[in-house]
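A.B. asks: My structure is below; once you've seen it, I'll send some questions.
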């Protein structure tokens, strides 16, 4: 089960697709271009079936840091909050398990957090 907008939902489908047209990642808001692989999640909430499409970089973070269960549209904010609350050190070993682009973004987040300390 994943959570979105404070409401629980039931995942009904998770699958990879190759984009035929442009999409926007539901997490980082970057473009998913035709030919790119992306991860699609179908979920039921309040009697409706909804779709959430994310790039493979964000999917690697969601699975690595949150076990695939996170608040939709809040992945990067939740990661930031966890780093601030629990410290970056407890997550360092996980950083190696994400895509190179996701790793660069995580390292940028860590740099920003340290600059604010």
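The values are calculated or read from the model by the stated rules, or taken from the named source; none is laboratory data. What you are looking at is a predicted structure, and each value in this text was computed from that prediction instead of being measured. Reconstructed Cβ throughout: ideal geometry from the backbone, glycine too, with neighbour counts over all protein chains shown.
A.B. asks: Go through (1) closer than 23 Å to residue 114 by Cβ; (2) in contact with a helix residue (DSSP H, G or I) (Cβ under 6 Å, 6 or more places away or on another chain) one by one and return the number of the condition residue 87 breaks.
C.D. replies: (2) is the only condition that residue 87 fails.
A.B. asks: Looking at (1) under 22 Å from residue 77 (Cβ atoms); (2) touching a strand residue (DSSP E or B) at 6+ places or on another chain (Cβ under 7 Å); (3) modelled with pLDDT of 95 or more, which is the only condition residue 29 fails?
C.D. replies: (2)
A.B. asks: Let me ask something additional. Can you list the helices (runs of 4 or more DSSP H) found entirely within the stretch 32-117 that contain at least 3 residues being surrounded by 12 or more Cβ atoms within 10 Å (Cβ to Cβ) and at pLDDT 90 or above?
C.D. replies: 56-66, 75-86, 100-116
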